[in-house]
1. Counting helices only, and only those DSSP H runs with n ≥ 4, report the 222 nm mean residue ellipticity of the chain as the sum of -39,500 (n - 2.57) divided by its residues, in deg cm²/dmol to the nearest 500.
2. What is the mean projected area of the alpha carbon convex hull for the chain, to one decimal in square nanometres?
3. So which trypsin sites (Lys or Arg not before Pro) in region 1-90 pass both tests, a DSSP loop state and at most 15 other Cβ atoms within 10 Å of the Cβ?
4. Between ARG244 and GLU137, what FRET efficiency follows from the Cβ-Cβ distance if R0 is 35 Å, with the result rounded to 0.05?
5. Compute the helix-to-body angle for 175-191: its Cα long axis versus the longest principal axis of the chain, expressed 0 to 90° and rounded to tens.
6. Set the Förster radius R0 to 22 Å, insert the Cβ-Cβ distance between THR183 and TYR95 as r into 1/(1 + (r/R0)^6), and round the FRET efficiency to 0.05.
7. Could you work out the longest stretch of the chain that avoids the GluC sites (Glu not before Pro) located in DSSP loops with at most 16 other Cβ atoms within 10 Å?
8. Helix 145-158 sits at what angle to the longest principal axis of the chain, using alpha carbons and giving 0 to 90 degrees rounded to 10?
Amino acid sequence: MSLLNVADLVVDHRTPGRPAVRAVAGASLTVAAGEVVGLVGESGCGKSTLARAVCGLVPAAGGAVAFEDRPVTRLGLRRRDPALTRIQMVFQDPYASLNPRRRVGAQIGDGLAAAGDRATTPGEMLERVGLPGGMAERYPHEFSGGQRQRIAIARALAARPSLLIGDEPISALDASAQAQVATLMRNLAVESGAGLLFISHDLSVVRLIADRIAVMYLGKIVETGPTARVWAEPRHPYTQALLRAIPEPDGLGRLPEELPGDVPDPADPPQGCRFHPRCPVAMDVCAEREPAFGPVACWLHPPA
Ligand SMILES: Nc1ncnc2c1ncn2[C@@H]1O[C@H](COP(=O)(O)OP(=O)(O)O)[C@@H](O)[C@H]1O
Ligand SMILES: [Mg+2]
């Protein structure tokens with residue numbers, strides 16, 4: 001059983017008077033209990049939309065999302081399925097996701113209440129994320145960015161999620177806090193037996209914490225594999241390009257916002273393989289037929 005099973009998920013964004021944007025175009029991904037999966041890809045490739053569909057916040061136009069073997073369908077805000085509190089999200093900007101007018105202890109208390117946990121105190125949750133328990137009486141503005149993200153993690157974990165999703169949770173932090181917060185998230189998720197879907201464009205940090213990497217391109221997962229294998233021996237030409245684009249091979253670089261070539265419009269994706277117009281090794285078949293298979297969706301790597 002997978003904790004999370006995303007199968008051929010399709011999500012469209014509709015804006016009146018414009019063509020629909022197919023932000024997720026048949027993506028498949030699994031996360032097992034206790035597993036850390038890093039989801040990487042350029043800005044705009046559909047990572048956040050996939051995460052929102054997993055939480056039932058945007059409807060699927062096709063495919064399926066199953067969480068703990070139950071389908072996640074779109075739920076109205078008033079009718080959030082209690083099972084979905086077992087999926088908790090941590091966002092890029094903790095200042096936006098925390099209420100500035102409430103003490104952080106009270107906000108962490110909401111998570112504990114959601115889990116029916118009357119034994120744990122907010123101060124104990126703060127200590128788990130490396131902050132003094134006495135800080136529960138303070139307000140969000142009294143903390144640094146890295147500390148606020150620790151508070152957001154404490155609040156998420158207080159709800160006892162079985163799946164934790166971080167959507168670029170370290171992108172707004174100082175370089176010194178990034179690896180610390182990422183490692184903290186990994187350790188706390190694994191300790192509690194939860195799965196972690198960690199979305200980031202910083203492949204060097206993902207490499208430190210993920211058991212498995214999923215690479216997304218224009219709405220699809222183009223390669224998945226164990227982190228060490230993907231890092232040492234990337235197979236999809238897009239993954240290879242991403243790794244080459246990291247300026248420091250010792251892991252100090254970041255994914256670029258763009259690779260050479262045009263970033264295709266998700267409202268009008270290329271025929272065949274979506275990456276073929278930018279691919280240095282494209283063959284005739286790549287323009288004609290979509291490589292709709294895994295774990296490497298590339299005609300150079302057909303399944304055995
Ligand atoms: N609410 C929205 N309405 C219309 N288009 C959207 C909306 N949110 C995202 N998009 C578009 O969907 C695509 C994927 O966006 P997103 O999921 O945010 O990607 P990522 O998180 O990888 O940067 C982009 O082309 C983006 O412009
Ligand atoms: Mg995003």
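1. Values: 10 runs with 87 residues, N = 304.
Value at 222 nm, helices only: -8000 deg cm²/dmol.
2. Details: hull surface 66.3 nm².
Convex hull of Cα atoms, orientation-averaged projection: 16.6 nm².
3. On the way: sites: ARG14, ARG22, LYS47, ARG52, ARG74, ARG78, ARG79, ARG80, ARG86; in loops: ARG14, ARG74, ARG80.
Loop-located and lightly packed - ARG14, ARG74, ARG80.
4. Details: r = 49 Å, r/R0 = 1.41.
It comes to 0.10.
5. 80 degrees
6. On the way: r = 22 Å, r/R0 = 0.99.
Between THR183 and TYR95 the formula returns 0.50.
7. Numbers: sites that count: GLU68, GLU257, GLU258.
With a cap of 16 other Cβ atoms within 10 Å, the longest stretch comes to 69-256.
8. 80 degrees
Quick note: the coordinates plus some simple rules give every number you see, no bench work behind them. Values in this document were obtained by computation on a predicted structure and should not be read as measured data. All Cβ positions, even for glycine, are placed from backbone atoms using ideal geometry, and neighbour counts span all protein chains on display.
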